[in-house]
Amino acid sequence: MKNKKKINLLLIRDTFSENSVIGELFLDGERMCDTLENPWLDNQRNISCIPEGEYKVRLRLPRESATRDYLHLLVEDVENRSYILFHRGNTAKDTRGCILVGLGSQQDFVSNSVLAMDLLIKEIVNLGGENINLIIKNK
């Protein structure tokens with residue numbers, strides 16, 4: 001029988017600047033990493049973070065992407081948006097409306113993004129890699 005346990009991701013956005021939003025990502029209640037997103041600009045494609053709310057997420061294989069040659073996450077059913085990913089990157093210029101992960105942050109920057117992504121994906125795969133739920137809240 002397949003593992004149908006829900007995997008819960010919680011993103012708490014806590015530092016807001018003109019150029020970015022820094023947050024913390026929790027996996028089943030355990031802090032995993034820092035996040036960096038574009039600032040809120042009315043959910044505009046490529047330049048805004050997505051609205052607060054609850055979303056389904058799935059693993060996305062490298063072969064599904066023209067630009068990401070590693071396993072990453074796709075946030076599904078974002079109103080008026082598509083291809084919102086959790087992926088590697090360090091600054092707001094790298095986000096294009098997506099969510100970057102890192103193992104440290106300062107204003108408009110996350111560090112050790114490759115390692116953070118690898119650790120996050122490893123944990124999700126270890127938990128079965130399916131039935132992923134994301135909640136985004138502003139602090």
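Every number in this text was worked out from the coordinates using simple rules, so none of it is lab data. Because the structure is predicted, anything quoted here is derived from the model rather than measured. Every residue, glycine among them, receives a Cβ derived from its backbone with ideal geometry; neighbour counts consider all protein chains shown.
Results, tabulated for the structure shown:
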{"item": "Residue that is nearest to GLU130 (Cα to Cα) [pool: residues in the stretch 15-41 that are of a type in the set (S, T, N, Q) and assigned to a loop (DSSP other than H, G, I, E, B)]", "result": "ASN38"}
{"item": "Any hit, the stretch 89-102, residues being within 21 Å of ASN131 (Cβ to Cβ), under 15 Å from the mean Cα position of the chain (by Cα) and among the polar types (S, T, N, Q)", "result": "no"}
{"item": "Residue match in the stretch 71-81 (condition: closer than 19 Å to ASN8 by Cβ, in contact (Cβ under 8 Å) with a residue 60 or more places away in the chain and out of contact with any Asp or Glu (no Cβ under 6 Å at 6 or more places or on another chain))", "result": "no"}
{"item": "Top-ranked residue in the stretch 15-41 [being of a type in the set (A, V, I, L, M, F, W, C) and within 20 Å of GLU123 (Cβ to Cβ); ranked as surrounded by the most Cβ atoms within 10 Å (Cβ to Cβ)]", "result": "LEU36"}
{"item": "Failed criterion for ASP108 (all others in (1) within 14 Å of the chain's Cα centre (by Cα); (2) more than 18 Å from ILE136 (Cβ to Cβ) hold)", "result": "(1)"}
{"item": "Near pairs, Cβ below 6 angstrom, 6+ apart or cross-chain, from the stretch 84-95 (under 11 Å from ASN46 (Cβ atoms)) to any residue that is surrounded by fewer than 21 Cβ atoms within 10 Å (Cβ to Cβ)", "result": "ILE84/VAL78"}
{"item": "Tabulated pairs, the stretch 114-139, first among the aliphatic types (A, V, I, L, M), second in a helix (DSSP H, G or I) and crowded, with 17+ Cβ neighbours inside 10 Å, C-beta under 7 angstrom, 6+ apart or interchain", "result": "ILE132/ILE124"}
